[in-house]
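Structure, as structure tokens:
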Amino acid sequence: MQRIRSMSLWAMLLVSLGALSACGPSEEEMQAKEAEITQLKAKLNESEQRAGSLETRLKEVSDNNAALAERLNLAGAEKGTLERALEELRARERQAQARLQVFTEMLNKFKAMIDSGKLRVRVVRGRMVVELSENILFDSGRSDLKKEGQEALTQVASVLASIENRDFQIAGHTDNIPIKSAKFPSNWELSTNRAVVVTKWLAEKGVDVARLSAAGYADTQPVAPNDSAEGRQQNRRIEIVLMPNLDELPDLSSLSGK
């Protein structure tokens, strides 16, 4: 629009100049025409300045629009990232709530045995652990279940069998006093054999064998110092560990090709 106005002013200026050259005007007419030409030149300069200003403003608006579009794109990407992170947090919260519910159910079902001192329940490295003392299950240096141990494990089996979609690891532990016999050359064999014996008993009493595993740790994971009889007695134990489900573990699929 400004360019059209500028062209019109130039046309008017040319017409005025033509009029001056076409005939011999009087001095007054010459002065009037010169004044008109000066005025037209001033308007032309003003129009050109306005046009330049508008073009500068238009470029600024265009640049601002491009910057805004980029910011919107970044904001959209950040929003998507935040939404995914929020959904992951919600999923972990649901998993945590589900684990807490399972823990609470097990605690309630084991309450009578906990109150009687037959076992205790702990949380170790985020896992629920049911712990039975050696003196309930076995005689010293042996892996044959005592009658009291059989009764206790039968009660434990009924609880474990009622917990759905969970695997259990039976872990044997000893104190740091070495054992050396024909059957058990070291504490490794003793702790492992005891874990296997308990695992088989639980399977016989109704716990799905596919959900059970056995492991021996000897004296490598004490729960108390071995410098006293009381501490060593605490370390001689069987643990039943509630294992995490696959969906509770970190996703390592991206490492499969490495």
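Values in this text are rule-based calculations from the coordinates and carry no lab data. Just so it is clear, the model here is predicted, and its values are computed rather than measured. Because the Cβ atoms are built from the backbone with ideal geometry, glycine has one as well, and the counts that use them run over all protein chains shown.
Only Lys, Arg, Asp and Glu carry charge here, each on its Cβ (+1 for the first two, -1 for the last two); on that basis the chain has a dipole of about 1280 debye about its Cα centre. Comparing Val197, Val156, Val124 in a Gaussian network model of the chain (Cα springs below 10 Å), the most mobile by mean-square fluctuation is Val124. Listed by chain and number, the lysines whose alpha-carbon sits under 16 Å from that of Lys43, ignoring those within fewer than 8 places in the same chain, are Lys33.
Phi angles across the range 214-226 convert, under the Karplus curve 6.51 cos²θ - 1.76 cosθ + 1.60 with θ = phi - 60°, into 3J(HN,Hα) values of 10, 8, x, 10, 6, 10, 7, 10, x, 9, 8, x, 8 Hz, Gly and Pro given as x. The dipole here belongs to the range 101-246: it is taken about the Cα centre, uses +1 on the Cβ of Lys and Arg and -1 on the Cβ of Asp and Glu, and is about 60 debye.
Test of understanding: in a Gaussian network model of the chain with alpha carbons linked when under 10 Å, which of Glu34, Glu148, Glu131 would top the mean-square fluctuation ranking? Sorting by GNM fluctuation, first place goes to Glu34.
Using the Cβ-Cβ distance between Ser62 and Ala42 with R0 = 25 Å, the FRET efficiency computed as 1/(1 + (r/R0)^6) comes to roughly 0.25. Only helices reaching 15 angstrom along their own axis (Cα) with mean Kyte-Doolittle hydropathy no lower than -0.5 count here, and for the DSSP H runs of the chain these are 2-22, 147-162, 187-204. Candidates Gln49, Leu137, Leu100 compared by Cα position along the dipole of the chain: farthest toward the positive end lies Leu137, with charges placed on Cβ. Picking from Lys33, Lys109, Lys180, which is most flexible by a Gaussian network model of the chain using Cα springs under 10 Å? In this elastic network of the chain, the residue with the biggest mean-square fluctuation among Lys33, Lys109, Lys180 is Lys33.
Could you compute how fast the chain diffuses translationally, taking Rh as the Kirkwood radius over C-alpha pairs and applying Stokes-Einstein at 25 °C with viscosity 0.890 mPa s? Give it in µm² per second.
In µm²/s, the coefficient is 95.
Each helix, a run of at least 4 DSSP H residues, gives -39500 (n - 2.57); summed and divided by the residues of the chain, these come to -21000 deg cm²/dmol at 222 nm.
The simple spin-label model puts a point 7 Å past each Cα toward its Cβ; for Val223 and Arg166 those points are separated by 1.7 nm. Quick one: Debye curve from the C-alpha atoms of the range 101-246, no solvent, what's log10 I(q)/I(0) at q = 0.12, 0.15, 0.21 Å⁻¹? So the normalised log intensities work out to -0.45, -0.71, -1.40. Legend: distances between Cα atoms for Lys118/Lys180; Lys147/Lys200; Lys118/Lys200; pairs beyond 23 Å are Lys118/Lys180. Volume per residue for the range 162-239 equals 98 cubic angstrom (convex hull of Cα atoms). Length gained on full extension, Ala182 to Glu88, computed as 0.36 nm times the residue gap minus the Cα-Cα distance: 28.5 nm.
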